Amino acid sequence: MKRSREQSLKLLEDDFYKRDTLTVAKELVGKVMQHTTPNGIISVIINETEAYTQDEASCHAFSGKSDRNRAMFMEGGHIYIYKIYGMHRCINFVTEYEGRGCAVLLRGVLPLESSELLVGTAKNICKLLDGPAKLMKSLSIPFEYYGKKINDESCPIKIYESSYEPLDLKETPRIGISKAQDLPWRFIASEFTHYENPGPKRRKKVRN
């Protein structure tokens, strides 16, 4: 399968994010995300997400609102970023309505155009993007995006509809958590219509 050169990009509307968190997490798989950086625009396909709601113990909002998680209680369509181990960052997209702490964790993406702008080196460029902290670093997404509304003009992150339909979408338990491990709230796909995985490639390192 070859990558389509005629992908029609339509921005996801605010209402897309204001729905049930599991629905949003599942339907984000296959969407195109773009990050506008000082060096250019990086485009990727979202291929792995996890859903989190305040009703279950693994969610940061389970114990209520705090300075750390306050963005999770904004209305759907905002960005929530958290730090792990004091150095790594993970990006989430807030869902549902204001006052309810829910979000979708972005766990993995696949490269499209401008893969030369990715930060880091790897024989297979997909290995730069197959984890929440790894993709944050490779896509040059800073913590300062915390609390931004995706569809505001000032937000460098945008998510679009696409014709990349997942061919092997799976629902599995979430990974890397110690509570509520049985919930099948992880959504992942590796094959999409019109998309050809670039596979192993050697590339030069791009600096921040």
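Observations on the model:
- Test result for ARG107, closer than 22 Å to LEU11 by Cα and in contact with a strand residue (DSSP E or B) (Cβ under 6 Å, 6 or more places away or on another chain): yes
- SER58 being touching a residue at least 12 places away in the same chain (Cβ under 8 Å), part of a strand (DSSP E or B) and among the small types (Gly, Ala, Ser): no
- Qualifying residue in the stretch 24-32 (condition: modelled with pLDDT of 95 or more, surrounded by 15 or more Cβ atoms within 10 Å (Cβ to Cβ) and of a type in the set (Asp, Glu)): yes
- Restricted to the stretch 100-208, the set of strands (runs of 3 or more DSSP E) holding at least 1 residues that are among the small types (Gly, Ala, Ser), at pLDDT 95 or above and under 14 Å from THR49 (Cβ atoms) comprises 102-111.
- Taken together, the criteria exclude ILE141 from residues that are surrounded by 15 or more Cβ atoms within 10 Å (Cβ to Cβ) and touching a Pro at 6+ places or on another chain (Cβ under 6 Å).
- Looking only at residues in the stretch 81-99 that are among the aromatic types (Phe, Trp, Tyr) and outside any strand (DSSP E or B), the one that is nearest to PHE16 (Cα to Cα) is TYR97.
- Conditions (1) out of contact with any Cys (no Cβ under 6 Å at 6 or more places or on another chain); (2) under 21 Å from THR36 (Cβ atoms): number failed by PRO132: (1)
- Counting the residues of the stretch 20-48 that are over 12 Å from the mean Cα position of the chain (by Cα), touching a residue at least 40 places away in the same chain (Cβ under 8 Å) and closer than 18 Å to LYS148 by Cβ gives 4.
The values are calculated or read from the model by the stated rules, or taken from the named source; none is laboratory data. Everything numeric in this text was worked out from a predicted model, so none of it was measured. Methodologically, a virtual Cβ is constructed for each residue, glycine included, from the backbone with ideal geometry; neighbour enumeration extends over all protein chains shown.
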